[in-house]
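Just below is one structure, and these are the notes that go with it.
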Number of protein chains: 2
Amino acid sequence: MASALVYRASTTAPVNIAVVKYWGKRDVKLNLPTNSSLSVTLSQSDLRTLTTASCSTSFAQDSLTLNGEAADVSGARTQACFRALRARRAEMEAKDGSLPRLSTMALRIVSENNFPTAAGLASSAAGFAALVRAVADLYELSDSAERLSLIARQGSGSACRSLMGGYVAWRAGEADDGSDSVADVVAPASHWPEMRALILVVSAAKKGVSSTAGMQQTVATSGLFPLRVSTVVPANMTAMERAVQKRDFATFAEVTMAESNSFHACCLDTRPPIFYLNDVSRAAIRAVETINAAAGKTVAAYTFDAGPNCVVYYLERDGKAVLGAFSAVVGGVEGWKEGGYGGGVKLDEGIAGVLRNGVCRVIMTAVGEGPVTSDQHLVAEDGQLVRG
Amino acid sequence: MASALVYRASTTAPVNIAVVKYWGKRDVKLNLPTNSSLSVTLSQSDLRTLTTASCSTSFAQDSLTLNGEAADVSGARTQACFRALRARRAEMEAKDGSLPRLSTMALRIVSENNFPTAAGLASSAAGFAALVRAVADLYELSDSAERLSLIARQGSGSACRSLMGGYVAWRAGEADDGSDSVADVVAPASHWPEMRALILVVSAAKKGVSSTAGMQQTVATSGLFPLRVSTVVPANMTAMERAVQKRDFATFAEVTMAESNSFHACCLDTRPPIFYLNDVSRAAIRAVETINAAAGKTVAAYTFDAGPNCVVYYLERDGKAVLGAFSAVVGGVEGWKEGGYGGGVKLDEGIAGVLRNGVCRVIMTAVGEGPVTSDQHLVAEDGQLVRG
């Protein structure tokens, strides 16, 4: 007997690292943020999720496999994405009776990162972006990336920014139903392709408070947070968009650092306090300050998400000054790409020692593009899983 | 030839640790704060400054000796205190011609702490309080402690709170000349004598940013700080005063911890960010959270000034729960007073290890009285210095 047809589509999606931070929901169910945010999409050469979405009448039920392990699909966030995507497909099928009824078939989704989860890099953004993009491709939806961002947002807030390349804003929006809480491209990667990122992966003993739980504790208990939402972030969004449009790195960097500090300040002001920065993170901050002081201008910016890892943004032209300083302390670790970065400023021995002991891996990357269709499928034509 | 008469007065003055924090000046010259603050005066059995103020026609010039070393008296802050005190004495002398003209004589002031400066405990508060109290006694001024707090404030803001015992508020005031920026006793030590403090002295590699410099960086650059001044602190002052009056430890503790976190959050939100808390400080916070969770109520509160040392407030009746938990990790260090504190909650090994490695000394103390006249003089009758 011939086996049932298996429909497939595969895509890769990027990680993004915010420079104006998302922290706090105004609607937990719809994943609507308290404030707008802005991120840089990172190159998929270094960090990407590859996802294959498939469906077939032969599949018994929806399933999701992440990095070789079965994952739960019953969660509200995953279900919200499936439901929205199926609804879009069902509309098409209702209009055109010749289309296969994919919306009624079970989904088999397989996803793999090209970086270790243990690295503590936010993978949910890339993961949900890839999931939504792959299913949308499988369903041959005509929706724009902006329209799809409404769906990805329900999976993981920051995922909406990973549906596009370059410099991407997520507008908080005002509508109760979230219909205007959508991502858009402030500038494509090609507008400012010189942006580089050095990620210092810190060996953390333990994972801290999850961002999902943490941000709502902040909303509920921080006395300072309301001013961040009402005043600090709106000003930073305006300044950051202008900086990106004008390719003004100094402003980009100053706002990036101020935003990271403002976000972590609100975490500290939460009851009980949330700490993501540790002594290694602080040493990285001091290293960036040293580099900027030595350069006599702002050539590097640090930012931290919900963990101790430091992301250092800099421009290609300043690679020598920035990487030169770091090469003496983390030049030997996994991920370091040699490039003859001599002559950087010498870091204070206290700072250097903490970084040497605390940074276990680096990722050297750059601004990059949005999701890309892939012909590498993690589900075979017969529906079986393929190891990526 | 008979030597000139030496006039002397000696006093001890206490350290105070704020539970509503002073951070930020609205007038740098007059040392006027952006917000009110409230502190607990600590017992002088454990921490005190002893100061002798003396004057004589035989002294060539004003001098100040701190812990055996000559200190500069030309600084604006010390000069402001000297000037104000001399002016008060000169008024008395103008009214009563029989009084010796002490206001015209050079001052010789000698001061010693009974705790190592290396401990990193704010000693300027006790130091300036003792200086002002000793000179006021030398001059036989009739001014109340509140009136003297106006003078001490000009030496070091928090010094105004060390002129009184118990639970002391420093009112920010509104007048441009600072005439209403004064300390007062919210409740004497006798109102709530059960308050205890365990100070965990953290071995810090290096002194961080001074509070004098740091607080004005915060005022100038923090986006969140205005809300702390306008809203957060006023609410905390009201709640704290009520908690002290009602001896409501749970509220006292919750506000104390929230205040410490709010203050350090504003430090982190400063450009460049100021970090006083380190990994040891964070472990102390987690230890207090563990103790409170085990007790099923809030029996301990942490607070941090401009450094990594942790001050844990608790009530005598909860000594077993609080000290019992800490005894297993810092029970052996200098300053620990054995008291049979068995049966405390066992701290997580990660937290315990960090505290064991990072706490070099403890001070176990309690709420205490204000300055006390002493008959131990650090200046002899002939004007020579005496080693205390």
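Buried surface for the B/A pair, taken as the accessible area of each chain alone minus that of the pair with a 1.4 Å probe, is close to 2400 Å² in total. Pairs exceeding a 23 Å alpha-carbon distance, out of B:K297/B:K346; A:K246/A:K297; B:K246/B:K337; B:K21/B:K246; A:K21/B:K25; A:K297/A:K346: B:K246/B:K337; A:K21/B:K25. Restricted to Cα atoms, the stretch B:133-217 shows a radius of gyration and a Dmax of 15.9, 45 angstrom. The ellipsoid that matches the Cα gyration tensor of chain B has semi-axes, each √(5λ) in whole angstrom, of 37, 23, 19, with the longest given first.
What number, rounded to the nearest 500 deg cm²/dmol, is the helix-based mean residue ellipticity at 222 nm of chain B, given -39500 (n - 2.57) per DSSP H run of at least four residues and division by all its residues? Could you put the intermediate results ahead of the total?
Numbers: 9 runs with 129 residues, N = 388.
Value at 222 nm, helices only: -11000 deg cm²/dmol.
Residues in the stretch B:302-312 carry Karplus couplings, in order, of 9, 8, 10, 8, 7, x, x, 4, 9, 9, 10 Hz; the curve used is 6.51 cos²θ - 1.76 cosθ + 1.60 with θ = phi - 60°, and Gly or Pro positions show x. In this simple spin-label approximation, B:D177 and B:A235 carry label points 7 Å from Cα along the Cα→Cβ vector, and these lie 3.6 nm apart. With only Cα atoms counted, the protein assembly as shown has Rg and Dmax values of 31.2, 128 Å. Span-like helix check, chain A: qualifying full DSSP H segments, with Cα axial length of 20 Å or more and mean Kyte-Doolittle of 1.0 or more, are A:124-138.
Sorted from shortest to longest, the distances between the A:G339 label points of this copy and the other copies are 5.9 nm, with each point 7 Å from Cα along the line through the beta carbon.
For B:R26, nonlocal amide neighbours, meaning residues 5 or more places apart or on other chains whose placed amide H falls under 5 Å from its own, are B:L32, B:T34.
Set the Förster distance to 56 Å, then compute FRET efficiency between B:K337 and A:D27 from the Cβ-Cβ distance, nearest 0.05. Between B:K337 and A:D27 the formula returns 0.60. FRET efficiency for the pair A:M92 and A:T251, taken as 1/(1 + (r/R0)^6) with r the Cβ-Cβ distance and R0 = 60 Å, rounds to 0.85. Placing a label point 7 Å from Cα along the Cα-to-Cβ axis, B:K246 is separated from the same position in the other copies by 5.3 nm, shortest listed first. Across chain B, the relative contact order, built from alpha-carbon pairs under 8 Å that are at least six residues apart, equals 24 percent. Across the options A:P14, A:A294, A:S222, the greatest Cα extent toward the positive end of the charge dipole of chain A (unit charges at beta carbon of Lys, Arg, Asp, Glu) belongs to A:S222. Of the accessible area of chain A, computed with a 1.4 Å probe over protein heavy atoms only, carbon and sulfur atoms account for 51 percent. With label points defined 7 Å past Cα in the direction of Cβ, position A:A60 shows copy-to-copy spacings of 9.9 nm, given to one decimal and shortest first. Highest mobility in the GNM of chain A, judged by mean-square fluctuation with C-alpha springs under 10 Å and restricted to A:P33, A:P14, A:P273, is found for A:P273.
Listed by chain and number, the aspartates and glutamates whose alpha-carbon sits under 17 Å from that of B:K320, ignoring those within fewer than 8 places in the same chain, are B:E194, B:E289, B:E338. Here's the picture: charge each Lys and Arg Cβ at +1 and each Asp and Glu Cβ at -1 in the stretch A:56-138, and of A:G97, A:G75, A:L107 the one pushed furthest to the positive end of that dipole is A:G97.
At 1.306 mPa s and 10 °C, plugging the Kirkwood radius over alpha-carbon pairs of the stretch A:1-95 into Stokes-Einstein gives what diffusion coefficient in µm²/s? If you can, show how the numbers build up before the last one.
Working: Rh = 16.7 Å.
Taking Rh from Cα pairs, D becomes 95 µm²/s.
Close amide H contacts of A:A71 (hydrogens built in the peptide plane, cut-off under 5 Å, sequence separation of 5 or more or a different chain): A:L64, A:T65, A:L66. Per residue, the average separation of C-alpha pairs within less than 8 Å and at least 6 apart gives the stretch B:17-80 a relative contact order of 21 percent.
Per residue, the accessible area of chain B comes to 39 Å² when a 1.4 Å probe rolls over the protein heavy atoms.
Explain nothing, just the number: dipole magnitude of the stretch A:1-160 about its Cα centre with +1 on each Lys and Arg Cβ and -1 on each Asp and Glu Cβ, in debye rounded to the nearest 20. Walk me through the intermediate numbers first.
Details: 17 positive and 13 negative charges, 81 e Å.
The dipole magnitude comes to about 400 debye.
Select from A:G358, B:L268, B:M164 the residue farthest towards the positive end of the dipole of the protein assembly as shown; place +1 on Cβ of Lys and Arg, -1 on Cβ of Asp and Glu, and compute about the Cα centre. After comparing all options, I get A:G358. Comparing B:H264, B:H377, B:H191 in a Gaussian network model of chain B where C-alpha atoms under 10 Å apart are linked, the largest mean-square fluctuation is found at B:H191.
The HN-Hα couplings worked out from phi for the stretch A:14-27 by the Karplus form 6.51 cos²θ - 1.76 cosθ + 1.60 (θ = phi - 60°) are x, 7, 10, 10, 6, 10, 10, 8, 8, 7, x, 10, 8, 9 Hz, whole numbers, x standing for Gly and Pro. When the accessible area of each residue in the stretch A:255-273 is compared between its chain alone and the complete protein assembly (1.4 Å probe; ligands, DNA and RNA ignored), which residues differ by at least 40 Å², being lower in the assembly? Buried-area filter returns A:N261, A:A265, A:L268, A:R271, A:P273.
What share of the DSSP beta bridges in the protein assembly as shown is antiparallel, in percent to the nearest 5?
Numbers: 111 of 121 bridges.
Expressed as a percentage, antiparallel bridges in the protein assembly as shown total about 90.
Paramagnetic label reach from B:D382 (point 7 Å along Cα→Cβ; backbone nitrogen cut-off under 16 Å): within the stretch B:97-115, no residues. Phi angles across the stretch A:367-381 convert, under the Karplus curve 6.51 cos²θ - 1.76 cosθ + 1.60 with θ = phi - 60°, into 3J(HN,Hα) values of 4, x, 8, x, x, 10, 5, 10, 9, 8, 9, 8, 10, 6, 4 Hz, Gly and Pro given as x. Take the Cα coordinates of the stretch B:343-388, assign each an equal point scatterer, and use the Debye formula without solvent to give log10 I(q)/I(0) at q = 0.13, 0.18, 0.19 Å⁻¹. Each listed q corresponds, in turn, to -0.64, -0.78, -0.81.
Based on the alpha-carbon gyration tensor of the stretch A:232-365 and its eigenvalue square roots a ≥ b ≥ c, which shape applies: rounded if a/c is under 1.5, prolate if not and a/b is larger than b/c, or oblate?
Values: a/c = 2.03, a/b = 1.19, b/c = 1.70.
Since a/c reaches 1.5 but b/c is at least a/b, the shape of the stretch A:232-365 is classed as oblate.
Return P(r) of the stretch B:41-122 (all Cα-Cα pairs; 10 Å bins starting at 0; whole %; ordered from short to long distances). All Cα pairs considered, the percentages come to 15, 40, 30, 14, 2.
The values are calculated or read from the model by the stated rules, or taken from the named source; none is laboratory data. Predicted model only: the values in this text are computed from it and were never measured. Here the Cβ is made from the backbone with ideal geometry for all residues, glycine too, and neighbour counts use every protein chain on show. The protein model used for the area step is the full one, side chains on, heavy atoms only, and it has no ligands, DNA or RNA in it. Shrake-Rupley method; radii C 1.70, N 1.55, O 1.52, S 1.80 Å.
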